[in-house]
Amino acid sequence: MTTDHATRATGPISTAERPAPAPSSEAGPGTSGTARPRRLTLAVSCFGTLLVLMNYTAPMSTLSDTAADLGAGLSGQTWMLSSVMLGIAALLLITGGLGDAHGQRRAFFCGSLLLAAGTVVCATATDTGVFVGARIVQGVGSAAIMTASLGIIGYAFPSGAQRVRATGMWGAMVGGGITLGPAISAALAMVSDWRLGYWAFAVGAVLLAVAVRTLVDEYRGNRPERTDWAGAVLLGVAVTALLAALVQGRSDWLAPEVLVLFAVAVVLAVAFVVVELRTAAPMVDLRLFRDPDFNAATLGSLFTGLSILGVLSYLPTVMQRSMGMTALAGGAMLGIWAGTSFVVSLLARRLTDRVLGWHRLVIGMALSIVGDVAILGIAPDAAWARFVPGLVASGIGSGLLNAGLARMAVESVPAHRAGMGAGANNTARYVGAAIGVALTVVASTSVTPSGDPAVDAGAGMDRALLVCAGLSALGALCIALTRIGKRTPAGS
């Protein structure tokens with residue numbers, strides 16, 4: 001889809017108004033006399049996404065210390081990494097619809113408060129269950145922040161070069177947050193312990209709430225809608241059951257409880273589709289899947305989570321265990337990938353008129369495969385410098401994907417569905433990431449023990465990297481198949 005849908009975007013409304021149909025689309029965004037400068041809107045939206053990704057990656061460099069303090073085993077550690085993604089994935093589509101119907105700023109503000117509350121509980125947790133539960137709350141808040149921030153950008157920047165620049169900057173924050181999160185968390189852990197990082201992120205969430213309340217105008221779709229809570233519950237429980245099956249299946253894939261969990265996941269996923277087809281106000285309008293651009297964006301997000309975010313979430317922990325790296329050094333290695341992604345996302349808009357949107361996604365997946373293969377060989381005697389080229393290649397691929405997916409998410413849906421487009425895109429990404437973490441842990445711990453845990457950790461990560469390279473190849477193929485029979489104009 002091209003940006004002709006953007007002409008239906010609604011404009012900013014007075015912060016004193018109660019939820020009601022938004023102003024006429026003829027005015028367009030940014031034309032109200034009370035509208036704040038769009039650069040402030042963009043800055044706050046980008047900061048929200050940056051903070052969400054910093055919080056999401058916080059345990060990656062301190063997982064060993066956190067697990068030791070809370071008494072978490074391998075399954076507990078998997079849930080520590082996956083739980084925030086579970087919260088994000090389960091509520092992303094709901095928060096997108098709520099933002100469209102009742103106001104994107106309102107959803108953004110409430111998400112900031114939830115993120116702050118969940119982060120405080122993480123900082124004070126005394127056992128694994130409380131920590132995991134708090135991470136799920138963080139995920140719910142993060143879902144509202146991510147959909148509302150990208151939805152607001154879709155409304156405030158309805159078309160043209162400004163939208164390309166805005167969505168490129170938003171996508172760059174994904175890489176920026178992943179760069180900063182582990183480094184800040186590890187550095188603060190050196191000052192005190194792993195809890196200090198969560199206190200810092202809680203303060204950031206409070207500041208975000210204040211900024212949203214004072215610097216951002218309200219945007220919403222053309223009419224209020226009912227909320228599809230049934231769809232949210234079905235999707236959330238289905239993903240939870242699938243994750244539980246993957247975590248428990250490491251010991252015995254044919255165990256009755258594992259088979260039951262897989263069956264529950266499948267049944268609930270089918271029920272979710274049935275509910276979405278029948279409800280008057282679905283979380284995601286399944287008719288959107290008639291559009292190849294929407295399909296390409298959704299598949300790109302799903303496989304980005306499965307094949308990239310999942311394995312790289314676990315990489316710092318493996319480098320610490322296999323190569324004896326400190327938490328800060330492990331975070332810095334992840335920062336090479338994420339920092340490259342950040343820079344490439346910012347520069348990706350220069351490709352707008354030269355490379356088609358779906359081509360950028362396929363190229364991004366291909367570079368991720370190159371990166372996975374180049375990172376193979378983690379071992380106790382390996383030099384950290386040999387992994388830099390692979391991390392850079394993977395970072396370039398991630399940067400192209402982040403920028404391209406953010407733009408396609410809002411351009412492949414009608415403007416009054418910007419929140420739904422953002423929600424569907426990010427739901428696919430974080431469902432994929434949650435499953436990807438579980439697959440990575442399963443693959444990396446299924447090697448035959450050699451008697452040396454450091455060697456086993458590296459060998460296991462090699463297996464996980466090969467699995468993820470295969471998933472990236474499958475993702476590129478699926479994206480390409482969406483283009484069969486469709487002609488796409490240059491720059492779309």
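Values as computed for the structure displayed
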{"read-out": "Charge dipole magnitude, Cβ of K and R +1, D and E -1 - the chain, Cα centre, debye nearest 20", "value": "1460 debye"}
{"read-out": "Mean projection area, nm², convex hull over Cα of the stretch 368-461", "value": "7.0 nm²"}
{"read-out": "For GLU218, residues with placed amide H under 5 Å, excluding near neighbours", "value": "ILE13"}
{"read-out": "The chain - Debye-derived log10 I(q)/I(0), Cα point model, q = 0.08, 0.09, 0.11, 0.12 Å⁻¹", "value": "-0.43, -0.55, -0.84, -1.01"}
{"read-out": "Cα gyration tensor of the stretch 187-304 - equivalent ellipsoid semi-axes, whole Å, descending", "value": "32, 29, 14"}
{"read-out": "Scaled radius of gyration (Cα, divided by 2.2 N^0.38 Å) that the stretch 78-189 gives", "value": "1.16"}
{"read-out": "Relative contact order (%) - the chain, alpha-carbon pairs under 8 angstrom, separation at least six", "value": "24 percent"}
{"read-out": "q = 0.10, 0.11, 0.18 Å⁻¹, the stretch 116-273: log10 I(q)/I(0) [Debye, one scatterer per Cα]", "value": "-0.57, -0.69, -1.25"}
{"read-out": "Extension reserve of the ASP452-VAL343 stretch, reckoned as 0.36 nm per residue once the Cα distance is removed", "value": "35.4 nm"}
{"read-out": "Carbon/sulfur fraction of accessible area - the stretch 93-173, other protein chains in place, 1.4 Å, %", "value": "73 percent"}
{"read-out": "Ordering of 471-479, 426-434, 187-195, 175-183 by burial proxy (mean other Cβ atoms within 10 Å per residue, highest first)", "value": "426-434, 175-183, 471-479, 187-195"}
{"read-out": "Alpha-carbon Rg with Dmax, taken over the stretch 78-135, Å", "value": "12.9, 39"}
{"read-out": "Radius ratio Rg over Rh of the stretch 266-371, counting only Cα atoms, Kirkwood formula for Rh", "value": "1.10"}
{"read-out": "Where a label projected 7 Å from the Cα of LEU74 along Cα→Cβ would reach, residues of the stretch 245-259 with amide N under 13 Å", "value": "247-253"}
{"read-out": "Tail beyond 17 Å, pair distance distribution of the stretch 246-326 (Cα, percent)", "value": "71 percent"}
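The values are calculated or read from the model by the stated rules, or taken from the named source; none is laboratory data. Everything quoted here is computed from the prediction, not taken from an experiment. So basically every Cβ, Gly included, is an ideal-geometry build from the backbone, and we count neighbours across all protein chains shown. Accessible surface areas use protein heavy atoms only, side chains included; no ligands, DNA or RNA. Shrake-Rupley method; radii C 1.70, N 1.55, O 1.52, S 1.80 Å.
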